[in-house]
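Computed from the coordinates by the stated procedures, all read-outs in this text should not be read as laboratory data. Bear in mind the structure is a predicted one, so any value in this text is a computation, not a measurement. Every residue, glycine as well, gets a Cβ built from its backbone with ideal geometry; the counts of neighbours run over all protein chains shown.
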Amino acid sequence: MNEDLRKMLEAAREASRRLNRCQEADINRLLFSAADKVEAAIDKILAANATDLARMDKDNPKYDRLKLTPDRIRAIAADMRSVASLPSPLRRTLAEWTQPNGMRIRKVSVPFGVVGVIYEARPNVTFDVFSILMKSGNACVLKGGSDADASNRAAVDVLRESLLAEGFDEHSVTLLPPDHEATQEMLQAVGYVDLVIPRGSSRLIRFVRDNARVPVIETGAGVCHCYFDASGDLQKGSAIVSNAKTRRVSVCNALDCLLIDRARLSDLPALVAPMAAKHVVVRADEESYAALAGKYPHLEHADNSDWGKEYLDYKMSVRTVDGLGGALDHIARHTSHHSESIVAEDADACRLFSQEVDAACVYTNLPTAFTDGGQFGFGAEIGISTQKLHARGPMALPEMTTYKYVISGDGQTRD
């Protein structure tokens, strides 16, 4: 291992031991203080962010994810205060019992220790990860992308100032260099890093999954579908589809594919009409294309590569299906297990969709845009897990803990 990186990871490991001794009140005080310092440093953070933005084409869909504004920074600070206000997930007794021999056993929530997070052009992640991992008693090792390096460094400078001001070890948050070597080293850092969470493109997540020697929680790509059922309300559906697609196109909960019951094809132009003002390109199968021809301005023919594709752009596919069964079959083949939605008034259709769709978040008459820790009342999130082991869906404080058994007795011995 690179000697400089080894020293950074050793310092993070030692900081995690100190964090484990902290009381909830101390951590809350730190987070409130950090939120204040973040707001006070808006100009500094925006100046660094401007440096990053200057290197990126404004037409790049990632530009919006990279961009910070005064309002976004104030919202970040508000999220940090929100996390501070939540109950601590630590030292909770999850279960307890006494064996016939009098031995008392408690299952208690504890931190992982050192959590590494690899992410791309999302400087807000720096703050979200810091607040969640501090509140859950974990030291954080951050590996941001080169696109956001200046923003991330400015953010970590402010966070470390807060740590020192409140008497914490500044190595409780560590930002690694933005190069590929640092990624490789983190993934191989057995004994230094307890868990790695990748946030970003499907390519990044595959690389982490295929190369890590330390445990990984996979945050998969968000190929999100919305099925408009024969019983769907057109006014609800139009608002849901537009919101899911256009609210922020470059995030993982954005809509990628609209599935429409063949019986409602005549309503398809009205269903997608609000997206025309945002210049969303609709890539439609033959039946949907025929229904939209001359009625929607940004229309293209879909091909097989569109099914199961995460666009992260002002693009969306539309496919005609034979009722709920056809929608379930399509989703089963092409889902990324992130978020799926149905628009329907038929209670049985909603129940069957919710029961059969294999995804972390399944919505009824709501857009997939709600897949977010803040929207779920978690304060913030560390990512959206699409796997089934340990954590699934928006990961916040409880998911950033593990547990241990604390056993006590009075001198009993085993036969």
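Does segment 15-55 come out rounded, prolate or oblate by the C-alpha gyration tensor, with a ≥ b ≥ c the root eigenvalues, rounded set by a/c under 1.5 and, if not, prolate when a/b is larger than b/c and oblate if not? Here segment 15-55 falls in the oblate category. Could you compute the net charge surrounding residue 362? Neighbours are other residues with a C-beta less than 13 Å from the C-beta of residue 362; K and R count +1, D and E count -1. After counting each charged neighbour, the total is -1.
Between the DSSP loop rule and a limit of at most 16 other Cβ atoms within 10 Å, which chymotrypsin sites (Phe, Trp or Tyr not before Pro) in segment 347-415 are left? Hits after loop and neighbour filter: 376. With K and R counted +1 and D and E -1, the other residues having a Cβ less than 11 Å from that of residue 250 yield a net charge of +2. The label point for residue 106 and the one for residue 203, both projected 7 Å from the Cα toward the Cβ, are 5.0 nm apart. A Förster radius of 56 Å, combined with the Cβ-Cβ distance separating residue 408 from residue 239, puts the computed FRET efficiency at roughly 0.50.
Summed over qualifying helices (DSSP H, 4 residues or more, each -39500 (n - 2.57)) and divided by its residue number, the chain shows a 222 nm mean residue ellipticity of -12000 deg cm²/dmol. For residue 385, the residues whose modelled amide H falls within less than 5 Å of its own, excluding neighbours fewer than 5 places apart on the same chain, are 393, 395. Here the chain is assigned +1 on the Cβ of each Lys and Arg and -1 on the Cβ of each Asp and Glu. Its dipole about the Cα centre then comes out at about 900 debye. Helix 202-211 and the longest principal axis of the C-alpha atoms of the chain enclose an angle of approximately 40°. For the chain, the normalised intensity computed at q = 0.09, 0.10, 0.11, 0.14 Å⁻¹ comes to -0.61, -0.73, -0.86, -1.20 (log10 of I(q)/I(0), Debye sum over alpha carbons, equal scatterers, no solvent).
I want the local charge near residue 5. Using Cβ-Cβ distances under 13 Å, sum +1 for each Lys or Arg and -1 for each Asp or Glu among the other residues. Counting the neighbours of residue 5, the net charge comes to -2. Relative to the longest principal Cα axis of the chain, at what angle does helix 234-246 sit, 0 to 90 degrees, rounded to 10? It works out to around 50 degrees. For each pair in 7/135; 58/278; 309/388; 67/143; 58/135, compute the distance between the two Cα atoms and list the pairs where it is over 26 Å. Listed pairs above 26 Å: 58/135. May I ask for log10 I(q)/I(0) of segment 94-154 at q = 0.12, 0.20, 0.29 Å⁻¹, from a Debye sum over the Cα atoms as equal point scatterers with solvent left out? Scattering profile of segment 94-154, log10 relative to I(0): -0.45, -0.76, -1.13.
On a 0 to 90° scale, report how tilted helix 123-135 is relative to the longest principal axis of the chain, with both axes built from alpha carbons and the result rounded to the nearest 10. The answer is roughly 50 degrees.
Think of segment 235-353 as a dipole: +1 on every Lys or Arg Cβ, -1 on every Asp or Glu Cβ, centred on the Cα centre; then among 258, 314, 272, 314 lies furthest on the positive end.
Taking amide H as placed 1.01 Å from N in the peptide plane, the amide H of residue 224 sits under 5 Å from that of 256, 257, each at least 5 places away or on another chain. Residues 225, 301, 334, arranged from fewest to most other Cβ atoms within 10 angstrom of their Cβ, appear as 301, 334, 225. Remark: the residue 24-residue 332 segment gains 106.5 nm on full extension, using 0.36 nm per residue and subtracting the alpha carbon distance. Legend: ranking of residues 156, 141 from fewest to most surrounding C-beta atoms inside 10 Å; resulting order 156, 141. Anisotropy class assigned to segment 224-370 is rounded, per the alpha carbon gyration tensor with a/c under the 1.5 cut-off. Each peptide in 74-85, 309-320 gets a packing score, the mean of other Cβ atoms within 10 Å over its residues, and the list from highest to lowest is 309-320, 74-85.
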